[in-house]
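Chemist: Sharing a structure below in structure tokens format, with a few things to ask.
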Amino acid sequence: MSADPAAQEEMATVWADEAGIPLRLVWSGRRFTVTGRPIQWFDRRPWWTTTGRAPAGQSADVLEQPMWQVRAQAPDGQILIFDLIASSGMQWPVTGIYD
Amino acid sequence: MASFTHLHVTSAFSAHHGTTRPEALVDAAHAAGQHSAAITDRDGLYGAVRHIRACLAAGLKPIVGAGLQVREGSEQSEITVLAHGSTGGAGWAGLTRLISSAHAPKRGARRKAHGSVHRPAWISRSRPAVFLQDEQGPTATVMLGPESDVGQAVLAEDPGRAVGLLEDWRQRLPGGVVLELVVHHTRPGSPFSLQHAAAMLTLAEHSGTPAVLTNAVRYLEPDDAVTADVLDSAAHLLPLGSFPAQPNAQAWLKPAEEMHRIAYRVADQADLPAASAAAMLEHTEQLAERCQLDPEADLQWRRPKVPELEVLGITGDPAAALREQCQAGLSLRYPGASGDRLSEIWDRLQQELQIIDHFGYNTYFLTVADVVEMIRSSGVRVQARGSGAGSLVNHLLGISTVDPLEHDLLFERFLGRARTTLPDIDVDIESARRHEIYQAIFERYGHHRVTLLSMQNRYRARGAARDAGLALGLREERIDQIAESLWRFDAAEFRKVLHSKPELREVAELVDTEPQVDLLVDLTERLDRLPRHISMHSCGVILGDSELLSLTPTQPSGMGLPMSQFDKDDIDDLGLLKLDVLGVRMQSALAYAVREVARVNGPHAAQEGGLPEDTPYVSPEGRIDLDAVPTDDEATYAAIRTTHTLGMFQIESPGQRELIGKLQPTEYSDLIADISLFRPGPMKANMVGPFTERKHGFQRVDYLHPRFAPFLQDSYGVVVYHEHVLRILSDCMDVDLAYADELRRRLQRDPEEVEAEFRRRTAAAGRFTAEETETIWEAMKGFGSFGFCKAHGAAFALPTYQSAWLKTHYPVEFLCALFEHDPGMYPRRLLMAEARRIGIPLLPVDANASGREYRVERVSAEEKGIRLALRDVRGITEAELDRIVAGQPYSSISELRRRAEPSRPLLMRLASIGALDSLAAGQEQRASRGGLIAYVRQLTARPRRPQATDDQQQSLFGEDLLISQTPDPSPEEQLEAELEVLSSEVDGHILDPYRPMLEELGVVAAEDLLSLRNSSEVLVAGARVATQTPPMRSGDRTVFISLDDGTGCVDTIFFDDAQQQAGPLLFGTRLMIIRGRTRRTGARGMTIQADEAWDLRQMWNEWRRARHSTSSSLERG
């Protein structure tokens, strides 16, 4: 599993279903179709640098970053694995690409 | 509703790891409709008893286990062990002993790295098999989770290794091993990820090992993960971001539905059928059931366990043995009692013995008596504390020195009828010898019947703020600034009090201007009252039968003796005998004073103390039997009444001095009352006022009802003690005293219920009219939780009286003992000021005359002084101390250096405080201090040469230097040297440099305050030696600050306005000037009611600047 430095680009345009699960995406000008079952996982944020308050009982979302890891195939057959930060809207940050 | 039992749950009792109290976790399980709940703290059972208690209360079955580290060579991994239930205690015993084994010191132990993240307890792979099975099979189950060696091999995609390791586990512990799957939705491919769990499930299927699902819970809900981050920071002693943090916030107590979903997800990921998921969930519940404990059968819950009789040397009937010992004690304690008096004593004894026998506590009392006797015969002072002083049996057995009949104390207050577990007897012993005593107890009863008792610290505001500051990476000065203004409030209230407490003004400003401080407040609140670190302090011993170590896990205590992981709140439910053997420095001080009196005065001791020569409690050799001193010495009470009570146990604080000033005690029962009244309840309920008014004759002594007069004599008719309430309730309602004690306890919890019963029974008994009943009830209701147990008070008053007596009759020896053992609330330098005030010469540290300890030294035929000790010289090592003392006397400095080999800095320090002055004396010219210091500097700067020529050459050189013109240090420098080296000043005072300003301002000295009229405006100054926020009648916070100005102690009191003005100065500033009004608090008491406060040093700087510019302008002008 290695990142592809040359083609590193930070955002992807993602189409997701009602449950928020990615179906297909465009990245670096190319289209990809999600294959297999995307894996939802949770990364973390350095909340102590980003948030001003963390009162007890009200800070459930400052720490976690919901992610999707998807396996996607391009029309030319290339398969890549993407780590995407789950977002509202269609622009999702890409934090990792593996082949 | 879906069912799911979480089998892997760490509570806040897992040091710096879990965030939630066991009770809260059980509540959540209960609310979720589960039937059982598990606790698996790291490295021990610290939270287990609370957990079981909470489960029983909620109707859940308790499951207990522990997480342990496994080390094999350089490899480290984790397992979780769950004890099987309903095994007659075998499961619990195996788990307990395995845990103890993990903590036991091992060969080749690694050095312990800093931070609780480095857990010192671990086991090898072979240990579980040793402890966790018997002939019938496994008594516990080992869960191999993602961090086990198997889990790590699976993650590394090394199936061969994984299979091999798993096989090894299963062979060692057949039927006692399961694979534990955990899904924290971490990065795919990392530990605790979905893939990891799927691979573990695959392994389970192929190997035929049962798999269970847990969530490796650390917190109750996702929000708690923030708290967990802060705890991790505290564990690493590093700020957030500089160590690997937890991967996300998934380790919470997830609902059953969610856990079921996860199970199916794992099966799906592993390409296994849904049946695998169902099996996983099934196995989880089966394991849960297997591990459900039966507290009765497995732990003998709440059933008393005491050492076997043979250990105490008792054959035959324990009741008879107890009776015999009491009878022997009777002739000792009440010699010459006869007739009615003897009958009274006898009847009381029979009563108590009956009740003791009824409860089956004979062996308990015999055990405690045995321990106390052992302590006493080692020559160590021992005294019982608490309600046990109310028992005649305790008095006759020698456990308590207080005579319960003399003080009208009640047995029922100590041992009523509601008792199902063992009563509490606490004893105070000499602090300096407590290790010796603990050791002796272990030897007497056997190491398998004794452990030390532990205590746990919890986060308070200050510590919480510090750890929050550390987590955020704030600068140390900022953290100090914030932490040091926090005074005594619950961390959870931080934001609430930020704007109401004047001393927090600056912090409130920081919250508005620095975002990190705003966040710090939130984090501090989160840490409120969590166990801070399981720092084990010993405060007593646990005695049990020979199965003790199967019941409690132990770990090293730092005293060379094992300590139980259970604390005092757990002991009751386990039915163990807890003996609070508290090392109290005051007892050491009393013992030391008595020894010094004998040593220094010998046969003249009585005379020296102003006592008649044939005083019965002073032996011909000069040894005082302190416990035999009669408690009616007028001189002692007179001394107390002066309110110069520094050094007197319990009554030396500023708040107490104010109370003593008002109360003006004349007899022992007044001391008992004083101690009992100095608490929030009585102060608020205005018991003090009537007490003092009546005592001084300003108010008529009145009784709630004439019938009560006989037993309200000791408090001038005011209802103060629990014992009073017991008698009143008993008389009104016609119930026995034991039942009355029960009512008293219930009165606090449920006054209405008790009221109904009170009215009913009193009416039925018919001794009082309706009106009288009303008045009595009002008094009882108002009593609420305010009363104090007189037995407690009587026990406490004894060392108070004894210390006061010693200070009165043997002030030199007594103060010497206080220097030596430093027992009270004040620093040694203030005690030295007190010595000066009394006129006791303080003899400086001297290389020949000083010993290791503080000692009394005769200065002349009429005068004795206190020789300061060598050991308080900063930086002196034990070895140096030994050598210097062993080689005394020295005839020169070079001889000292040669024979005792002090380090250079030490020798310089000794020179700077004059300890070498006497060694240089004998020259024709008087050696100057300056010359001496220069000499030592030269001496120690030279390279070492062969011994023979050394002395000769050095003395030649030395003479010149000693006589030289090297200037002496100035008084300020002298003071500084003393302060630096000794942390007290012998010759001057820390305030001396500021005297010019203080004089100009008209600051009044402490010793002159009493001559001022009441309510006059005054300026006082000094170094802060004590801060107190004692209970006050109004309930508002009042701050007492005591200042030492070299002539005595000034007590100042800050009410709300003054607190507002003082702000950050209130708790932080050391040297202060205060403007206020004098306030007489009785015949001899004087407090200054503060209006304004200033930082003395700041004021000094301004004053000097002003003077300088004035003088220079004068010059110019």
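Read-outs: derived from the displayed coordinates by stated rules, not from any lab. Owing to the predicted nature of the structure, the values given are computational and were not obtained by experimental measurement. Note that we place each Cβ from the backbone using ideal geometry, even for glycine, and neighbour counts take in every protein chain shown.
Chemist: By how many nm would the segment from B:ASN1014 to B:ALA319 lengthen if fully extended, with 0.36 nm per residue of separation less the alpha-carbon distance?
Modeler: 243.9 nm
Chemist: Using helices alone, what [θ] at 222 nm do you get for chain A, with -39,500 (n - 2.57) per DSSP H run of 4 or more residues, divided over all residues and rounded to the nearest 500? Show your work: numbers first, answer last.
Modeler: On the way: 1 runs with 4 residues, N = 99.
Rounded to the nearest 500, the figure is -500 deg cm²/dmol.
Chemist: Label points 7 Å out from Cα along the Cβ direction at B:GLU771 and B:ALA156: separation in nm?
Modeler: Distance between the two pseudo-spin positions: 9.2 nm.
Chemist: Quick one: dipole size for chain B, taken about the Cα centre, charges +1 on Lys/Arg Cβ and -1 on Asp/Glu Cβ, in debye to the nearest 20.
Modeler: 1320 debye
Chemist: Which ³J(HN,Hα) values in Hz, rounded to whole numbers, follow from the phi angles of region B:185-194 under the Karplus curve 6.51 cos²θ - 1.76 cosθ + 1.60, where θ = phi - 60° and Gly and Pro get x?
Modeler: 6, 7, 3, x, x, 9, x, 6, 7, 4
Chemist: Please check: in the Gaussian network model of chain A (C-alpha springs, under 10 Å), which one of A:ALA74, A:ALA56, A:ALA86 has the largest mean-square fluctuation.
Modeler: Checking each option, the largest mean-square fluctuation is seen for A:ALA56.
Chemist: Also: May I ask you to list the GluC sites (Glu not before Pro) in region B:612-709 that are in a DSSP loop and have at most 15 other Cβ atoms within 10 Å of their Cβ?
Modeler: Of the GluC sites (Glu not before Pro), the ones in loops of region B:612-709 whose Cβ has at most 15 other Cβ atoms within 10 Å are B:GLU613, B:GLU621, B:GLU667.
Chemist: Hey, another quick one. Quick one: Cα centre-to-centre distance for region B:21-36 and region B:366-426, in angstrom?
Modeler: 40 Å
Chemist: Hey, another quick one. Within a 10 angstrom radius of each residue's Cβ in A:46-55, how many Cβ atoms of other chains show up on average? Whole number is fine.
Modeler: Per residue, the average neighbour count from other chains is 6.
Chemist: Looking at region B:832-868, which GluC sites (Glu not before Pro) are in a loop (DSSP not H, G, I, E or B) and have at most 15 other Cβ atoms within 10 Å?
Modeler: The qualifying sites are B:GLU862, B:GLU863.
Chemist: Among B:PHE786, B:PHE819, B:PHE1054, rank each residue by its count of other Cβ atoms within 10 Å, from fewest to most, as a rough exposure measure.
Modeler: Fewest-to-most Cβ neighbours within 10 Å comes out as B:PHE786, B:PHE819, B:PHE1054.
Chemist: Name the shape class, rounded, prolate or oblate, that the alpha-carbon gyration tensor gives for region B:22-297, where a ≥ b ≥ c are the square roots of its eigenvalues, rounded holds for a/c under 1.5, and otherwise prolate holds if a/b is larger than b/c and oblate otherwise.
Modeler: rounded
Chemist: With angles folded into 0 to 90 degrees, how steeply does helix B:971-982 sit against the dominant principal axis of chain B? Use alpha carbons for both and round to 10.
Modeler: Here the helix axis deviates by roughly 40 degrees.
Chemist: Using Cα centres only, tell me the gap between region B:771-799 and region B:633-693 in whole Å.
Modeler: Measuring centre to centre over Cα atoms gives 17 Å.
Chemist: State the Cα centre-to-centre distance between region B:229-265 and region B:335-360 in whole Å.
Modeler: Region B:229-265 and region B:335-360 have Cα centres separated by 62 Å.
Chemist: So how do A:17-23, B:207-213, B:908-914 stack up, highest first, on mean other-Cβ count within 10 Å?
Modeler: Ranked by mean Cβ neighbours within 10 Å, highest first: B:908-914, B:207-213, A:17-23.
Chemist: For B:GLN350 and B:ALA129, what does the FRET efficiency come to when R0 = 60 Å and r is the distance between their Cβ atoms, rounded to the nearest 0.05?
Modeler: Values: r = 56 Å, r/R0 = 0.94.
Working from the Cβ atoms, E equals 0.60.
Chemist: Still on this structure: Within region A:27-42, name every residue whose backbone N is under 20 Å away from a label modeled 7 Å from Cα of A:ALA19 along the Cβ vector.
Modeler: A:33-42
Chemist: Between B:ALA58 and B:ARG707, what is 0.36 nm times their sequence separation minus the Cα-Cα distance? Round to one decimal in nm.
Modeler: Once the chain is fully extended between B:ALA58 and B:ARG707, it gains 229.0 nm.
Chemist: While we're here: What number, rounded to the nearest 500 deg cm²/dmol, is the helix-based mean residue ellipticity at 222 nm of chain B, given -39500 (n - 2.57) per DSSP H run of at least four residues and division by all its residues? Walk me through the numbers before you get to the answer.
Modeler: Values: 48 runs with 521 residues, N = 1117.
Computed ellipticity for chain B at 222 nm equals -14000 deg cm²/dmol.
Chemist: Then there's this: For the Cα atoms of chain B, what angle does the longest principal axis make with the long axis of helix B:339-359, in degrees from 0 to 90, nearest 10?
Modeler: 30 degrees
Chemist: Considering the options B:TYR801, B:PRO654, B:GLY851, tell which one lies farthest towards the positive end of the dipole of chain B, charges being +1 on Lys and Arg and -1 on Asp and Glu at the Cβ, about the Cα centre.
Modeler: Result: B:GLY851, furthest along the dipole toward the positive end.
Chemist: May I ask you to derive the relative contact order of chain B, considering only C-alpha pairs under 8 Å and at least 6 residues apart, and to give it as an integer percent? Mind showing how you got there, number by number?
Modeler: Details: 2030 pairs, mean separation 98.6, N = 1117.
Over chain B, the number comes to 9 percent.
Chemist: Pairing the Cα long axis of helix B:318-333 with the longest principal axis of chain B, what angle in degrees results, from 0 to 90 and rounded to the nearest 10?
Modeler: Tilt of helix B:318-333: around 10 degrees.
Chemist: Can you give the mean number of other chain Cβ atoms that lie within 10 Å of the Cβ atoms in peptide B:179-190?
Modeler: Values: counts 0, 0, 0, 0, 1, 2, 8, 5, 8, 9, 5, 1.
Across the residues of B:179-190, the mean count of other-chain Cβ atoms within 10 Å is 3.
Chemist: Over region B:587-735, what is the relative contact order in whole percent, taking alpha-carbon pairs under 8 Å and six or more residues apart?
Modeler: Values: 130 pairs, mean separation 19.0, N = 149.
Once divided by the residue count of region B:587-735, the mean separation gives 13 percent.
Chemist: Using +1 on the beta carbon of Lys and Arg, -1 on that of Asp and Glu, and nothing else charged, what's the dipole of region B:992-1114 about the Cα centre, debye to 20?
Modeler: 60 debye
Chemist: Normalised by the residues of region B:992-1114, what does the relative contact order come to in percent, with Cα pairs under 8 Å and at least six apart?
Modeler: 24 percent
Chemist: Now for a separate question. Put +1 on the Cβ of every Lys and Arg and -1 on every Asp and Glu Cβ in chain B; which of B:LEU409, B:TYR364, B:ILE345 then has its Cα farthest towards the positive end of the dipole?
Modeler: Farthest towards the positive pole: B:TYR364.
Chemist: Charges only on Cβ, +1 for Lys and Arg, -1 for Asp and Glu: so what's the dipole of the protein assembly as shown about the Cα centre, in debye to the nearest 20?
Modeler: On the way: 129 positive and 167 negative charges, 255 e Å.
Result for the protein assembly as shown is approximately 1220 debye, rounded to the nearest 20.
Chemist: Another question about this same structure. Hey, got the average number of other protein chain Cβ atoms within 10 angstrom for residues in B:249-259?
Modeler: Taking all residues of B:249-259 together, the mean is 1.
Chemist: Mind checking the full-extension length gain between B:ARG836 and B:GLU634? Use 0.36 nm per residue of separation minus the Cα-Cα distance, one decimal, nm.
Modeler: Extra length available between B:ARG836 and B:GLU634 comes to 70.3 nm.
Chemist: Once the Cβ-Cβ distance between B:GLN439 and B:THR513 is put in as r, and R0 is 56 Å, what FRET efficiency do you end up with, to the nearest 0.05?
Modeler: That pair, B:GLN439 with B:THR513, gives E of 0.50.
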